[in-house]
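The values are calculated or read from the model by the stated rules, or taken from the named source; none is laboratory data. None of these values were measured; they are calculated from a predicted model. Glycine also receives a Cβ, built like all others from the backbone with ideal geometry; neighbour counts cover every protein chain displayed.
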Amino acid sequence: MKGLTQRNRPLGAVVPLEVNREVEVVVIGAGQAGLSAAYYLRRHFAPGTGFAVLDHAPHAGGAWQFRWPTLTFATVNGVYRLPGMDVPEPEPTTPVSGVISQYFTDYEREFDLRVQRPVSVSAVRSLPDERLEVVTDRGTWITRALINATGTWERPFWPRYAGQDRFNGRQLHTAQYRGPDEFAGRRVAVVGGGISGIQHLLEIDPLAASTHWITRREPQWRSGDFNPDRGREAVAMVEERVRRGLRPQSVISVTGVPMTPAIRAAREAGVLDRLPMFDQITPDGLRWDDGRFIAVDTILWATGFRAALDHLAPLKLRGSGGGIIMDGTRVAADPRVHLVGYGPSASTVGANRAGRAAVSAIRAFLGATSAPAAARV
């Protein structure tokens, strides 16, 4: 690997760790939010000395590289360009994961972002000199500022219900879903009212012996286009929660479920006849307190994800509301720390804006006013 530049390194190669472990800014995570932040950092700081990007995943692609093969460009809820490079536009039936992984790979090379992977961050601690110590399985970095862009994929949320540990069938989460074929002939309950749960159900139903859709709340169906006004309204609602230190809401709880032609057809066919949440899981099915029972042998939990922030626990950023009080992308209690891809910037389009805002605020915090010409792109 010695002598290879970032641009001509083979696809999937492990990037050697930089010698310099003291930098101005560390970015944790190289998904949409992390790469967006790195792009704007690259304009003002030299990679490897001014900033470092650490990524836990084995390859470029963020969470996209782990998506199920049947998630295609026709069914994905939205793919947004990273700043400075257009997204490929393949056929609608093309799986998303491979295309976006290659897009991220090309992006890292094009802008010489020098993402270091696989690097797992275990803790971020405050040092006596007011810098931050980023502890990883491949050494320690010292930095003056941190952009956390770890997203949610590695923290799937599994609800807990009485009798769950005695269920004789299979339980899996969206994070483990690999397509509908393995559900052929099975009696399946899909739990969750978001887009992923609906997509799973639409794929599984033609193959399964039976399917049931179970959600905590009645779904809020959204007709018409998701225009900029609706987008700003949704962002404002999530921003208000994080400003108060509450846990961010899921995007779907704010925006509602889009009534696409496929979803409309599934509703008319009875596939999306929703059941309320059950009260107990039995060895062979689901039971409600009113006596209702359905027999199932598979429970697919499409119950979303939580922000992957455990490594920030030593900084004691969480408030009494269970969330982190935010001022834009900056953690209100610690101006050294910015969260992108959290709360209102959890969407891919929001992540781009957040990356730029975080870098702007960090430059002001560090007192950076200019950069060497060689560091600009």
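Computed values, structure above
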quantity: Residue within the stretch 174-183 that is under 21 Å from Ile198 (Cβ atoms) and in contact with a Gly (Cβ under 9 Å, 6 or more places away or on another chain) present; calculated: yes
quantity: When residues of the stretch 314-330 are limited to those that are under 19 Å from the mean Cα position of the chain (by Cα) and at pLDDT 85 or above, the one farthest from Tyr40 (Cα to Cα); calculated: Ile324
quantity: Condition check for Asp289: among the acidic types (Asp, Glu) and not assigned by TED's automatic domain parsing to the domain that holds Asp181; calculated: no
quantity: Filter pass, Glu108 being surrounded by 17 or more Cβ atoms within 10 Å (Cβ to Cβ) and among the acidic types (Asp, Glu); calculated: yes
quantity: Filter result (of a type in the set (S, T, N, Q) and closer than 30 Å to Ala313 by Cα) within the stretch 102-122; calculated: Gln116, Ser120, Ser122
quantity: Residue check for Gly151: on the phi > 0 side of the Ramachandran plot and either touching a Cys at 6+ places or on another chain (Cβ under 9 Å) or surrounded by 15 or more Cβ atoms within 10 Å (Cβ to Cβ) (or both); calculated: yes
quantity: Checklist (1) touching a residue at least 60 places away in the same chain (Cβ under 8 Å); (2) not in a loop (DSSP other than H, G, I, E, B) applied to Asp112, failing item; calculated: (2)
quantity: Residue among Gly319, Gly350 that is among the small types (Gly, Ala, Ser) and either exposed (fewer than 14 other Cβ atoms within 10 Å of the Cβ) or touching a Lys or Arg at 6+ places or on another chain (Cβ under 9 Å) (or both); calculated: Gly319
quantity: Subset of the stretch 195-215 (residues that are within 20 Å of Gly304 (Cβ to Cβ) and touching a Gly at 6+ places or on another chain (Cβ under 6 Å)); calculated: Thr215
